[in-house]
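The values are calculated or read from the model by the stated rules, or taken from the named source; none is laboratory data. From a predicted model like this one, the values you see are computed outputs, not experimental measurements. Every residue, glycine as well, gets a Cβ built from its backbone with ideal geometry; the counts of neighbours run over all protein chains shown.
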Amino acid sequence: MPLAYGRASHGKPIGGGVVSGRGKAFARLFAVQAAWNYERMLGIGMGYAAEPLLAGLEATDSERHAEAAGRSAEFFNCHPYLAGLALGASVAAEYAGESEDRIRRLKTALCGTLGALGDHLFWAGLLPAMMGLALIVAVVWSPWWGVGLFLVGYNGCRVAVAWWGLRTGLDTGMRVGQAIASSWVPRVRRWVGLAAGFLVGVAIPLAGRFLLGGLGRSQILIGVGVAVLGLALAYRFRATFGGVRYGLLAVALVLLWFGVLP
Amino acid sequence: MPILLYRIDDRLIHGQVVIGWGRPLGIEFIVLVDSEVSASEWEQELYRMAVPQAVEVVFADVEQARTSLTDWQADPRRGMLLTGTVDSMAAIRGNGGPTIPKINLGGVHHRPGRRQRLPYVYLTDEEYRALIALKEDGIEITAQDVPTTRAVALSELA
């Protein structure tokens, strides 16, 4: 059956049916990992988020709608914060009447790309950067300001990126690769890791100074010992030292400091 | 420096590959063997985006991989070779093809006909038999998604 929607890959806008489900799909994206499993990974969550976006297709082509709904819940995995790009792009491709094979290949390619980009941007970038910045603010100004800055700053970025991703995916469809390449993502990716290293590097000695409450001889020795231990652990486990584990190590050190040391 | 990792992963280039293995091994180039990707510019563009600028990505089909593998193995840089399927890796080795010392099963996910062997490895009986044949050919085969997990021997996937 011929399709009447035009092709997103040739630059045509997507039909109005897609636009009507954006809000619901955006909200559902925050539950994209809720039904995570090894068989489909994010697949069920993606299918759930795609359902309101695909509703407009049902009225014009119910057969295509049924196929698209099934495809949307197939195996898929990527960084959850960037899942909106894949969701939007694959839904736009469905409306554009792209072939089943091209849509599957698009999702496979996005699987890896969005996974790697997300790991760089968030786990190895924004998360440690915000932790470092929050620690600096907590030590220099107020602990509550530090906690507040982290919660608002990190989650604000996460929400904004999810919305940008969904919108960009829907607007570009099969051209989502070009859209990502010409967006803020490559630029931010280049400096966010450096920023994280710098901020954590500044935060650690400041936090040490704060915890020591002064710099007596024994405290300097203890501080140097902890720093050497931290460096040794970071080097030994460099393959797995993501932002979360780095943060947990810092928390463990603080607890050890107050719980064990006099 | 030889190719340090020969990996079968149906997601091809992704976070486990770039950060999980790429960083600790100091990978400087990745050979992605997939006939359809090697003929598709938009897919290549997407996969290149997943990799830091300093890492080169070479796209090849199985035939190109068979003829060029010894050159890649002689490259002074640290490399990784990726295929999306067991069949592609087996075809690179083929009869009398280039030597592959070790294969890493990194992610072969659910499809109709495949049975779960590990949470991240699903294989049909034919795929399992193809891996056994590669093992009998002298190739060490283990399943390991990231460097920090245990390498699982092929015999445990029966």
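Values computed for the structure shown
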quantity: Residue B:12 touching a Ser or Thr at 6+ places or on another chain (Cβ under 8 Å) and free of Cβ contacts under 8 Å to residues at least 24 places away in the same chain; calculated: no
quantity: Elements of type helices (runs of 4 or more DSSP H) contained in segment B:12-117, each with 3 or more residues being among the aliphatic types (A, V, I, L, M) and buried (at least 22 other Cβ atoms within 10 Å of the Cβ); calculated: B:86-93
quantity: Some residue of segment A:163-182 being closer than 27 Å to residue B:18 by Cα and in contact with a strand residue (DSSP E or B) (Cβ under 7 Å, 6 or more places away or on another chain); calculated: no
quantity: Residue match in segment B:140-154 (condition: part of a strand (DSSP E or B), hydroxyl-bearing (Ser, Thr, Tyr) and surrounded by 19 or more Cβ atoms within 10 Å (Cβ to Cβ)); calculated: no
quantity: Spans of helices (runs of 4 or more DSSP H) in segment A:114-211 with at least 3 residues in contact with a Phe, Trp or Tyr (Cβ under 6 Å, 6 or more places away or on another chain); calculated: A:127-140, A:143-172
quantity: Residue identified as at negative phi, within 14 Å of chain A (Cβ to nearest Cβ) and either touching a Pro at 6+ places or on another chain (Cβ under 8 Å) or touching a residue at least 12 places away in the same chain (Cβ under 8 Å) (or both) among B:58, B:31, B:51, B:62; calculated: B:51
quantity: Unique residue being farther than 27 Å from residue A:38 by Cα and either of a type outside the set (Lys, Arg) or more than 12 Å from every other protein chain (Cβ to nearest Cβ) (or both) when the list is B:22, B:97; calculated: B:97
quantity: Members of segment A:82-111 that are in contact (Cβ under 8 Å) with a residue 24 or more places away in the chain, within 13 Å of chain B (Cβ to nearest Cβ), of a type outside the set (A, V, I, L, M) and under 21 Å from residue B:34 (Cα atoms); calculated: A:102, A:104, A:107, A:111
quantity: Condition check for residue B:32: modelled with pLDDT of 95 or more and either among the aliphatic types (A, V, I, L, M) or within 26 Å of residue A:185 (Cβ to Cβ) (or both); calculated: yes
quantity: Condition met for residue B:99 (over 15 Å from residue B:65 (Cβ atoms) and of a type in the set (Val, Ile, Thr)); calculated: no
quantity: Failed item, numbered, when residue B:11 is tested on (1) closer than 22 Å to residue B:73 by Cα; (2) in contact with a strand residue (DSSP E or B) (Cβ under 6 Å, 6 or more places away or on another chain); (3) at the interface with chain A (Cβ under 7 Å from one of its Cβ atoms); calculated: (1)
quantity: Candidate set: segment A:34-81, residues that are within 11 Å of chain B (Cβ to nearest Cβ), in contact (Cβ under 8 Å) with a residue 24 or more places away in the chain and not in a loop (DSSP other than H, G, I, E, B); chosen: the one surrounded by the fewest Cβ atoms within 10 Å (Cβ to Cβ); calculated: A:41
quantity: Of the criteria (1) at pLDDT 90 or above; (2) small (Gly, Ala, Ser); (3) surrounded by fewer than 21 Cβ atoms within 10 Å (Cβ to Cβ), which one residue A:90 fails; calculated: (3)
